[in-house]
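Asks: Okay, handing you the structure first.
The values are calculated or read from the model by the stated rules, or taken from the named source; none is laboratory data. Predicted, not measured: the structure shown is a model, and the values here were computed from it. Quick reminder, even Gly has a Cβ in these numbers, built from the backbone with ideal geometry, and neighbours come from all protein chains shown. Just the protein is used for accessible areas: all its heavy atoms, side chains included, with ligands, DNA and RNA removed. Shrake-Rupley method; radii C 1.70, N 1.55, O 1.52, S 1.80 Å.
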Amino acid sequence: MQQTENTASKKERPRRRKLEKSLKPSWVFAIALGSSVGWGAFILPGDWIREAGPAGAMIGLFIGALVMMVIASSYGVMIKEHPVSGGGFTYAYLAAGKRWAFLCGWFLTLGYLSIVALNASAFTLLLKYLMPGFMKQGYLYSIAGWDIYAPEIAISSILLILFAFVNSTGTNVSGRLQFWFSLFLVAGVFILGTLTFGIADEPLANMGRMFSGEISPIAAVLTILAIAPWAYVGFDNVPQAAEEFDFSPKKATFLIVASLLASFSIYAVMIGVTSWTFPGNGGTGGELWATGSIVSNALGKAGLFVMAVAIVMGIFTGLNGFYMSSSRLIFSMARARALPAIFRKTSKQSGIPVAGIWFVTLLTLPMMWFGRPALSWIVDMSSTGVSIGYFFACLAAYKVLAKKKREGRGAEPVKQALSVMGMAASLGFLALLLIPGAPGSLTLPSYLLFGGWAVTGLIFYSLMKKTYLSLSKEETDYYMLGREPAAAEETVRKRIRVKRPVGKTV
């Protein structure tokens, strides 16, 4: 009778949709690396040097990478225990319940969306530098001092639609492209670093003052450290793709740590290119794009071409990687009944949650009309969103490790200590971003947009609340984690015991 009830219950429950396992280790490494290193590694070194000095910028980013590795340890624990899509959303559910999971997922979505939009607009920023005559045709209007022209809106919109199509074709296509994009990115950075260091008479002396003279060295490092969640955001795309690994989840920690080391190396080389090529930081003051001007003066058109290819690859890897992660996050939230049912459907041809990809496109296309200043306000908030995700991943890992210890499945004190350190670091990042006057604190427009997104989330949550919260814990565990209800598992265990030969003990 009990077995009949369990079977009936299972038939009544809607089928849990799964994603196909098709991602190779090299592709996952490329997703983490390419998503972490985007246009910022080539556009922003001049700004970082002005704010913190070459050494301040490098040290801040190095400490940031170390902190991310601490946090990555917790992601590795969670991927091993629960190799499913959702990342911070899933981990927040395990750590604190459904309400906190929705909050985490909502702000992670904002973070991912803003980076998709920023990468698309960064492509037109590069074209403005390379082809100013063409790009500055068809003036439309100005926002916050930024002139907006028709070509930049058209090109960035086409780029968004193009990558939406690429990601809709299947993980095999997007994963393979990500690998090759990342390969060209690394090659371009290696060439630029080697050539500029080689032609400089005294590269170390050229770097001049190692820290900014306007603030203390500690403040300089903290200013750069505050942007670490944004600079390295992308390694957390790995747990979003965990359900699609065609290899053991145990490799995830190594892949994430390796990608963070590679990401820091790229940032450091580009800061070096900007500071060691010519005396006095290459005249970084007053240049709209200091790194581009320095490479052009040092290596001519050939060097600028190599740099342009590297930037384009960085933009493409960012677009590709965050399209993938944002659509998987939306898919996971929909599978948990936190978002409408359309987002948990997968394509019969590609097995991809296509609705989420095009939803991201619809949300980011209007952003192209607001110019770079408005998008920079949004990206300031993306660090906040991912820091929330980091905190819940570390909290969930701590609880998982504590449970394993209680159940006698092995104590892992080092990883447990790292999860506590990761929680502290995540809260520290949030403090640097949200406390007015702190290094890296949000600007007023960012605060206003942050509040607007929060209010929108509350409205959206109120609409989905009934469906989302009506699921029992067993149902939610099934949809989010793929965990069968306890009653069904007990039935399976009974069947196994019945089939055991008489007289045998286990």
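Asks: Hey, can you tell me all the residues within the stretch 25-45 that are out of contact with any Gly (no Cβ under 7 Å at 6 or more places or on another chain) and at pLDDT 85 or above?
Replies: Result: PRO25, SER26, VAL28, PHE29, ALA30, LEU33, PRO45.
Asks: While we're here: Among the numbered conditions (1) open to solvent by less than 10 Å² (accessible area, probe 1.4 Å); (2) more than 27 Å from GLY457 (Cβ to Cβ); (3) not aliphatic (A, V, I, L, M), tell me where LYS80 comes up short.
Replies: Result: LYS80 fails condition (1) only.
Asks: So, one more: Residues in the stretch 380-403: is at least one in a helix (DSSP H, G or I), surrounded by fewer than 19 Cβ atoms within 10 Å (Cβ to Cβ) and without any contact (Cβ under 8 Å) to a residue 60 or more places away in the chain?
Replies: Yes; the residues of the stretch 380-403 include at least one that is in a helix (DSSP H, G or I), surrounded by fewer than 19 Cβ atoms within 10 Å (Cβ to Cβ) and without any contact (Cβ under 8 Å) to a residue 60 or more places away in the chain.
Asks: I need the full set of residues from the stretch 318-345 which are in a loop (DSSP other than H, G, I, E, B) and either out of contact with any Leu (no Cβ under 7 Å at 6 or more places or on another chain) or without any contact (Cβ under 8 Å) to a residue 60 or more places away in the chain (or both), in order please.
Replies: Of everything in the stretch 318-345, those that are in a loop (DSSP other than H, G, I, E, B) and either out of contact with any Leu (no Cβ under 7 Å at 6 or more places or on another chain) or without any contact (Cβ under 8 Å) to a residue 60 or more places away in the chain (or both) turn out to be ALA336, ALA338, LEU339, PRO340, LYS345.
Asks: Sticking with this structure for a sec: Part of a helix (DSSP H, G or I), in contact with an Asp or Glu (Cβ under 8 Å, 6 or more places away or on another chain), open to solvent by less than 10 Å² (accessible area, probe 1.4 Å) and of a type in the set (Phe, Trp, Tyr): is that true of TYR75 in this structure?
Replies: It is true that TYR75 is part of a helix (DSSP H, G or I), in contact with an Asp or Glu (Cβ under 8 Å, 6 or more places away or on another chain), open to solvent by less than 10 Å² (accessible area, probe 1.4 Å) and of a type in the set (Phe, Trp, Tyr).
Asks: Might you let me know whether the stretch 422-435 holds any residue that is more than 22 Å from the chain's Cα centre (by Cα) and not in a helix (DSSP H, G or I)?
Replies: Yes, the conditions are met somewhere in the stretch 422-435.
Asks: Within the stretch 404-416, count every residue that is over 21 Å from TYR232 (Cβ atoms) and in a helix (DSSP H, G or I).
Replies: Qualifying residue count, the stretch 404-416: 6.
Asks: Moving to a separate point now. Looking at the stretch 205-221 only, could you name the residues that are in contact with a helix residue (DSSP H, G or I) (Cβ under 7 Å, 6 or more places away or on another chain), part of a helix (DSSP H, G or I) and farther than 12 Å from THR277 by Cβ?
Replies: Listed by number, the residues that qualify are PRO217, ALA220, VAL221.
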